[in-house]
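Below is one structure, written out as structure tokens; comments come after it.
What follows is calculated from the coordinates using simple rules that are stated; it is not laboratory data. All values reported here derive from a predicted model rather than from experimental measurement. Cβ placement follows ideal geometry from the backbone for every residue including glycine, while neighbour counts extend to all protein chains displayed.
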Amino acid sequence: MRRREFITLIGSAATWPVTARSQARPVIGFLGSVSFKTFTAHVDGFLRGLKESGFVDGSNVTIEYRWAEGQFDRLPALAAELVQRPVDLIVTVGGNVAVLAARQATSTIPIAFLTADDPVASGLVPSLSRPGGTMTGVTWLGGELGAKNLE
């Protein structure tokens, strides 16, 4: 899936039904396994996609960022913070480690992920075409495609 398609997917995810426990405007939790600096382009694209869908951080949507700064053992606590906030959607970047922390923290809040790992093989979703449950996302299957690109 191309970057523009991913941004559109995540941008449209913000239009999902807001749960009854939410505030006046939707709150999106953004959970990253490393630093903001590593994912600056992804965050910029995410914000552009939201804006194209009519959502502006601080205006009609609130985004709560949590960055583990490469300390993966912090991810469960950061994900729990987002759930307790509470948020209406959790977006994760930085591999399966962030997605797994979010999934461990909630079974009811939708989670949208970006990962290079295979989400089916790692048990995140039952299939790529029908992820089911509260999990959805984008993968570029880095391992499989990397070998193919070298060919």
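By how many nm would the segment from A77 to N60 lengthen if fully extended, with 0.36 nm per residue of separation less the alpha-carbon distance?
Stretched out fully, the A77 to N60 stretch lengthens by 3.4 nm.
Simple spin-label model, 7 Å along Cα-to-Cβ: Q84 to L128 in nm?
Distance between the two pseudo-spin positions: 3.8 nm.
For segment 81-91, in order, what is each residue's ³J(HN,Hα) by Karplus, 6.51 cos²θ - 1.76 cosθ + 1.60 with θ = phi - 60°, in whole Hz (x at glycine and Pro)?
Karplus values, whole Hz, x for Gly and Pro: 4, 5, 5, 6, 3, x, 10, 9, 8, 10, 10.
Could you list which residues have their amide H under 5 Å from that of D118, counting only those 5 or more apart in sequence or on another chain, with H placed in the peptide plane?
Long-range HN contacts for D118: none found.
Using only the alpha-carbon atoms, what does segment 36-151 span along each of its principal axes? Please give whole angstrom values in decreasing order.
Rounded to whole Å, the extents work out to 47, 31, 29 Å.
Could you give me the ³J(HN,Hα) list for segment 46-54, computed from phi with Karplus coefficients 6.51, -1.76, 1.60 and θ = phi - 60°, whole Hz, x at Gly and Pro?
So the Karplus estimates, Gly and Pro as x, are 4, 5, 5, x, 4, 4, 5, 8, x Hz.
Per residue of segment 130-140, in order, report the coupling 6.51 cos²θ - 1.76 cosθ + 1.60 (Karplus, θ = phi - 60°) as ³J(HN,Hα) in whole Hz, putting x for Gly and Pro.
Using θ = phi - 60°, the values come out as 9, x, x, x, 9, 9, 8, x, 10, 9, 10 Hz.
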